[in-house]
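A short worksheet on the structure shown next.
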Ligand SMILES: [Zn+2]
């Protein structure tokens, strides 16, 4: 991973004549509405503060073709030298921020104190603090940085505030929060824009953007780099050259040691980072590469964020423009495997926009890094390594294959496209506070699919029956599954999707275990052709077919019962052994009689079901969870098949003779 990131940094450094700072500028991601860069202009002549829109950041284009590519704008960022806020608990020393609270309190006085005595910027900031800031008096500990706050009583933004009273009842931090809220509302009114649309604020003095001054640039440049002590020479982890090195990784955003932790699974402690010492050039490359990846190669599946990190196998030359287009291509491939929208659409787009990457397809591989952001900290959830770019095409083609196979059997709907996003909703993950916690299984599954490792069939069945229980017992609030309007409809479509997922995994050759379809003679079974076709295509074996037919009959009864379909209560969702299966068969038979549903059509299904059960029941090979899953599959198929529910071929209610024999 680290190699790929430094390669990108190198390409960026070689590509154009961008300066160090240019490479660390944070572009603004375009939004549905316009956004703004707002200047906070301190006028020392008139003694007034003016708020002005310095730049309008355009809206996202509605072009669906561009949906998948990262749309960003860096003009406002360049204008105000936006390089992000300082990380975690470090003091905020920047004159441009997306958090106005920093600029109304700590940034200006703290930056002033950091600058050299003879700096022009220092005296300018001092002027602002003296003329416009209120001193809350000496404060200690973590409140220290909130000592100075914008005085909003003169020039008047609000006259309702009495600082001397306020500081008696509130902590400096709380005072700053209150003041920020008042100023935000004032700006909204003054500029007629919602504060949600203000992407950045920047400090100005008498009409001049202070972030553009040379003093500020020099300060930021130094602030973004660690110290390279000429005395502490060592070998750079990346280029291996002997040089002054730094092992201070706090200025980097990714936690590289995770990778080694995975490799060596050693006990990581204290000084581990010492292995990662970088020379100044490589450090810069990493920073530039990280910034590029964060802005151009970020994606997500469900609530998981991910970076796609390419690694080039040969030396390539690319301009930063070419590199951006390459990033779009990478994102487009991944995002189509995530949300499939048709195979022709995919190929057309490749031909039209990305044909040049066909030539370099074999010259790079990928890492997929799943992570979670917790304030300024990035927690790595999973790293999937060394994926050939063709893999995403393979996944897209497999989604299409499954879709084609099910044509005419299921309704024409994107609901049946099994892609990475669908899989998210087929794997129940417990969430706490809106964030999935037990994510490991789901990420294991993604990892297997993306890297082509096999998956245990029974593990999948467990997940599917977990999912069935989420629907059946309406456990939606604690899982990543949203409650549908019609829960039975939601459950049955999910169960069919699980069947299609098994097919998807089989097509990819990933499924390990399970009994395959052998010696299954469907010809002799008197059941509908569409059902036979579905069974054949998914690849059920005979015991599975018996359960599927049982589920189908439960559907027939439930349809006649209506409402909540009380027959569904006869299924034991925690798992069913063979004894329970026999009991359920008897109950199904009784209910068919009770609801006058023993039509010849249903009788044939019952006969087929019982014949298969008789054949295997004394040596039943499926486990308790599989039994539940395949019964629910038959039930779901009845509800979700392409043919409408009410049609019953050869139905003839009057013909209710020779009952099939029971056990
Ligand atoms: Zn180096």
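Annotations
- Within the stretch 445-493, the residues that satisfy the criterion of being without any contact (Cβ under 8 Å) to a residue 24 or more places away in the chain and assigned to a helix (DSSP H, G or I) are 445, 459, 471, 476, 477, 487, 490.
- Flag for residue 395 being in contact (Cβ under 8 Å) with a residue 12 or more places away in the chain, under 20 Å from the mean Cα position of the chain (by Cα) and more than 30 Å from residue 85 (Cβ to Cβ): yes
- Screening the stretch 111-140 for residues that are surrounded by 20 or more Cβ atoms within 10 Å (Cβ to Cβ) and more than 14 Å from residue 210 (Cβ to Cβ) and picking the one that is modelled with the lowest pLDDT gives 136.
- Sole residue being over 24 Å from residue 467 (Cβ atoms) and within 15 Å of the chain's Cα centre (by Cα), chosen from 369, 443: 369
- Screening 160, 229 for residues that are within 16 Å of the ligand (Cβ to nearest atom), farther than 30 Å from residue 28 by Cβ and surrounded by fewer than 19 Cβ atoms within 10 Å (Cβ to Cβ) leaves exactly one candidate, 229.
- Filtering the stretch 427-458 to residues that are surrounded by 20 or more Cβ atoms within 10 Å (Cβ to Cβ) and touching a helix residue (DSSP H, G or I) at 6+ places or on another chain (Cβ under 6 Å) leaves 427, 428, 429.
- Residues of the stretch 564-571 include at least one that is more than 26 Å from residue 520 (Cβ to Cβ) and not in a helix (DSSP H, G or I).
- Going through (1) outside any loop (DSSP other than H, G, I, E, B); (2) out of contact with any helix residue (DSSP H, G or I) (no Cβ under 7 Å at 6 or more places or on another chain); (3) not assigned by TED's automatic domain parsing to the domain that holds residue 622 one by one, residue 496 falls short only on (2).
- Number of positions in the stretch 269-297 that are more than 14 Å from the ligand (Cβ to nearest atom), modelled with pLDDT of 90 or more and not in a helix (DSSP H, G or I): 1
- The single residue among 346, 392, 366, 334 that is crowded, with 19+ Cβ neighbours inside 10 Å, in a helix (DSSP H, G or I) and in contact with a strand residue (DSSP E or B) (Cβ under 7 Å, 6 or more places away or on another chain) turns out to be 334.
- Every residue from the stretch 150-169 that is more than 21 Å from residue 190 (Cα to Cα) and in contact with a helix residue (DSSP H, G or I) (Cβ under 7 Å, 6 or more places away or on another chain): 166, 167
- All told, residue 61 falls short of being in contact with a helix residue (DSSP H, G or I) (Cβ under 8 Å, 6 or more places away or on another chain), closer than 19 Å to residue 328 by Cβ and in a loop (DSSP other than H, G, I, E, B).
The values are calculated or read from the model by the stated rules, or taken from the named source; none is laboratory data. Nothing here was measured: the structure is a model prediction, and the numbers come from that model. As a convention, Cβ positions derive from the backbone with ideal geometry for all residues, glycine included, and neighbour counts pool all protein chains shown.
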